[in-house]
Structures are given as structure tokens and as C-alpha cells.
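All remarks here apply to the structure that follows.
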Amino acid sequence: MSKTLRTPVKPDQLIKTLTTYKTALPVLKALRLVHRFGQGPQVHITKLPAEILLLIEDTIIETQRRNHNEDLMMWHPYGIESDFACFESKCEPRDHWVEEEDLWDYADPVSDCKSCEKEMAEGTYSKLNCDLRCTKDTVEPCGTCVEGEMGAHGCERNCYGKWKDAVNRYAQGTDHNWEFHEERKGAWLARIDKTKKGAFLPYKRMLEEHFGLEVYLANTVVDGNNEERWPKHKNYRWHPEAERQTTLCYLTLPKRLGPKGAFDADDRYGDIPESPNAAQAIQVDMHSLSITDEQRRRFQRALKTLGLVVYLHPSQAHAYTATPDLSLEEDSDGENGSDEDSDAAAGEWPRLLLLVKSS
């Protein structure tokens with residue numbers, strides 16, 4: 001078992017924002033050099049106080065991040081988010097085509113209502129005026145409308161939602177769907193590879209050099225004893241239950257040794273040992289931690305500069321808090337594992353966790 005203080009964030013967001021930060025680094029370095037060593041009567045930047053310089057740096061990073069996000073507004077099957085979605089089994093079969101138009105011939109436009117028929121004929125189809133969409137009077141709204149805006153573009157019951165369902169059903173039965181899906185799952189594992197030749201190594205070095213932090217990544221699957229903690233997702237219907245998994249990501253203070261990424265267990269049904277992915281995080285009482293102000297500021301600066309928020313995966317939300325002697329105290333409400341628990345983790349940061357890995 002490994003005991004290390006950590007702050008959880010979303011792994012795909014961490015990679016995205018570190019990519020943006022890497023792009024902004026040359027401009028930041030030039031700005032710092034001119035501010036420190038600039039010469040001449042017109043080099044007024046040398047007179048700026050450090051506080052103003054930091055604000056300029058924040059503006060540069062935010063502009064770069066905004067431009068980067070605009071470039072990724074359209075779903076792309078080779079992007080960071082799509083790779084992670086495939087790994088987590090949150091993708092749709094139609095997402096596995098570079099050109100979705102390749103599927104259109106296999107799913108005729110669905111227009112079960114007069115409003116959509118009229119808009120399609122006029123070429124003004126908006127998806128929002130469908131007579132079949134969920135409304136506030138719908139007794140049991142679809143899953144998307146329960147979680148988001150009622151009757152919006154993602155409604156599963158409007159004509160467009162039915163058309164997407166038809167496209168997905170066709171796409172799911174193709175060899176390309178599963179081949180591409182497995183390829184993107186492998187691409188995600190390659191993205192988080194921290195070995196000497198792994199794709200994550202440059203990001204690892206960047207965190208250490210610029211923020212004094214390390215990152216720990218652990219793949220984990222659904223805990224069969226606590227399935228209720230695992231968050232629901234509408235696209236799970238396109239995937240086997242056994243494929244539900246995620247990557248836990250933690251910013252952590254530098255350490256000499258870290259836990260393994262999986263634990264070995266005896267196979268009760270054969271001679272071949274199994275190595276399932278499993279991880280568990282326990283919240284630590286922050287008021288009793290021996291962490292310095294300088295160490296705390298490392299987490300705060302990293303989250304602020306990189307535009308990250310604390311995110312605790314709902315499967316890791318437990319009604320227990322670890323004390324300094326590693327004993328566990330149950331919370332008064334005794335509730336576990338909901339999205340609200342994950343959101344609440346962002347209220348007090350850096351939220352430090354005790355990640356437990358069996359080996």
C-alpha cells in the first residue's frame with residue numbers, strides 16, 4: 001500500500017492545458033528576459049512590477065488556451081477528448097468516422113413530426129422545434145434532458161436524436177467501429193505513458209520544472225462492491241459493461257517512490273495470475289496535515305496557471321476521512337459516490353488525497 005498526498009484533476013484536461021502551456025512558453029520566456037535584461041530608452045517593460053508581469057503572463061496563457069479550445073470546438077476522432085472517451089466507453093459508434101457523412105446513406109432522415117418535415121423541406125432544420133422533444137411537461141424526460149437543458153440539441157427523443165440512434169445502430173455493427181475504437185483506446189494509453197520514451201514524459205518534465213510537482217496516473221475499473229458510485233453515462237449502452245474504466249489523475253509533491261499501476265491477484269479459476277487495474281483514494285483531513293505554505297502554493301499556482309479545477313472521480317468519493325494515523329472516520333451523512341460529491345471536492349483546494357494501491 002502506498003500513502004502519498006495528492007490533488008485530483010481530469011487527465012484529459014491536464015494534457016490539453018499542458019499542451020497549451022508548452023505552446024505559450026517561448027513567448028513567456030521572451031517576456032521574462034526582456035523584463036529582466038531589456039535595455040534602451042524605449043524598453044519600458046523593465047519598469048513594470050512583478051505583479052503586473054504575472055498578469056500579462058496569465059493573459060498570454062489564457063489567450064493561447066482560448067485559441068486552442070476554438071480549434072477543438074468540432075469533435076475530431078484523433079483528439080485528446082475522443083481518445084479518452086473511447087477509453088472510458090463514453091463514445092458513440094458514429095464518433096469513429098472521420099467523415100460522418102459516410103454513414104448517412106445507411107440511416108434515412110427521421111421526420112416523425114410535422115415541424116421537422118417542414119423545416120427539412122425549407123432547409124432550416126434547427127432540431128429545437130421538434131414536436132417529439134422533451135419538455136417540462138414530459139413525465140419521464142430522456143437521460144440527456146434530465147442532466148442538461150430540457151429539449152436542447154442533445155435530446156434523445158426528437159427526430160434528430162432518433163436519426164442519430166439509427167446511425168449509431170448501423171455503425172456499431174461494422175468492423176471499422178470496433179477496430180477504430182480499440183485503436184483510440186490504445187492511443188489514450190500511449191498519451192499517458194510516463195516511461196523514458198513515453199508521450200507523457202515531456203509533460204512530466206514540464207510539471208517538475210515549472211511547478212515543482214509530479215503527476216500520478218492510475219487506470220481503474222468499476223468496483224463490483226460499489227457499482228453505485230460509478231457515474232452513469234448515456235453512451236454506455238453502446239459498450240459492454242466490462243469495458244467501463246477510467247484514468248485517475250493526481251498532482252502530487254515530488255517523491256522517491258510511487259505505487260504500482262495495478263495489483264496482482266491470484267486467479268481462483270486457473271494458474272495464470274491476473275493483474276486488474278484498481279485504485280482507491282481516501283480523503284485526508286487537511287487541518288491535520290503537515291504541509292508547508294510553500295508546498296500548498298505549488299498546487300494553487302499549478303491549478304491557477306493551467307486553468308485546472310479539482311475533480312474527484314465519483315467512484316473515489318467515500319464517506320470516510322483519514323486522520324494522520326491513517327485511521328478512518330465516517331462522515332456524518334454516511335453518503336457515498338455521487339456527482340455532487342465530486343463537485344464538492346472543488347470547494348476546498350488543494351484537496352489532498354491518500355491514494356491506496358494494493359500490490
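Is at least one residue of segment 262-282 at pLDDT 85 or above and either surrounded by 14 or more Cβ atoms within 10 Å (Cβ to Cβ) or in contact with a strand residue (DSSP E or B) (Cβ under 9 Å, 6 or more places away or on another chain) (or both)?
So far as segment 262-282 goes, no, none of its residues is at pLDDT 85 or above and either surrounded by 14 or more Cβ atoms within 10 Å (Cβ to Cβ) or in contact with a strand residue (DSSP E or B) (Cβ under 9 Å, 6 or more places away or on another chain) (or both).
If TRP178 meets every condition in (1) in contact with a Phe, Trp or Tyr (Cβ under 6 Å, 6 or more places away or on another chain); (2) assigned to a helix (DSSP H, G or I) apart from one, which number is that one?
Evaluating TRP178 over (1) in contact with a Phe, Trp or Tyr (Cβ under 6 Å, 6 or more places away or on another chain); (2) assigned to a helix (DSSP H, G or I) leaves (1) as the failure.
Scan segment 83-97 and give yes if some residue there is hydroxyl-bearing (Ser, Thr, Tyr), open to solvent by 30 Å² or more (accessible area, probe 1.4 Å) and modelled with pLDDT of 70 or more, otherwise no. Talk me through it step by step, then tell me what you get.
In the first step, residues of segment 83-97 are kept if they are hydroxyl-bearing (Ser, Thr, Tyr); the result is 89.
Subset that is open to solvent by 30 Å² or more (accessible area, probe 1.4 Å): none.
No, that holds for no residue.
Please give the number of the condition PHE211 fails out of (1) closer than 15 Å to GLU88 by Cβ; (2) touching a residue at least 60 places away in the same chain (Cβ under 8 Å).
Result: PHE211 passes all but (1).
So PRO77 ticks every box in (1) within 30 Å of TRP163 (Cα to Cα); (2) modelled with pLDDT under 85; (3) open to solvent by 40 Å² or more (accessible area, probe 1.4 Å) but one. Which box is left unticked?
Here PRO77 clears every test but (3).
Can you say whether ARG157 is more than 30 Å from PRO141 (Cα to Cα), of a type in the set (Lys, Arg) and surrounded by 15 or more Cβ atoms within 10 Å (Cβ to Cβ), as far as the supplied structure shows? Break it down into steps so the answer makes sense when it comes.
Numbers: more than 30 Å from PRO141 (Cα to Cα): no; of a type in the set (Lys, Arg): yes; surrounded by 15 or more Cβ atoms within 10 Å (Cβ to Cβ): yes.
Criteria not met by ARG157.
Take ASN235 and decide whether it is among the polar types (S, T, N, Q) and over 22 Å from GLN13 (Cβ atoms). It would help to see each step written out before you state the result.
Details: among the polar types (S, T, N, Q): yes; over 22 Å from GLN13 (Cβ atoms): no.
So ASN235 fails the test.
Go through segment 207-229 and give me each residue that's crowded, with 18+ Cβ neighbours inside 10 Å and more than 19 Å from THR19 (Cα to Cα).
ALA218, ASN219, THR220, ARG229
State all residues of segment 21-46 that are loosely packed, with under 10 Cβ neighbours inside 10 Å and within 36 Å of the chain's Cα centre (by Cα); if no residue qualifies, say none.
Kept after step one, since they are loosely packed, with under 10 Cβ neighbours inside 10 Å, are these residues of segment 21-46: 26, 37, 39-42, 44.
Once the filter is applied, which keeps residues that are loosely packed, with under 10 Cβ neighbours inside 10 Å and within 36 Å of the chain's Cα centre (by Cα), segment 21-46 yields only PRO26.
Need the failing condition index for HIS68 against (1) at pLDDT 80 or above; (2) assigned to a helix (DSSP H, G or I); (3) surrounded by 13 or more Cβ atoms within 10 Å (Cβ to Cβ), just the number.
Result: HIS68 passes all but (1).
Could you say which residue among LYS196, LYS232, LYS204, LYS136 is open to solvent by 20 Å² or more (accessible area, probe 1.4 Å) and under 22 Å from ARG94 (Cα atoms)?
LYS232
Of all residues in segment 118-166, which are modelled with pLDDT of 80 or more, in a helix (DSSP H, G or I) and of a type outside the set (Gly, Ala, Ser)?
LYS118, CYS145, CYS159, TYR160, LYS162, TRP163, LYS164, ASP165
The values are calculated or read from the model by the stated rules, or taken from the named source; none is laboratory data. This structure is a prediction, so every number in the text was calculated from the model and none was measured. Every residue, glycine as well, gets a Cβ built from its backbone with ideal geometry; the counts of neighbours run over all protein chains shown. Only protein heavy atoms, including side chains, enter the accessible area calculation; ligands, DNA and RNA are left aside. Shrake-Rupley method; radii C 1.70, N 1.55, O 1.52, S 1.80 Å.
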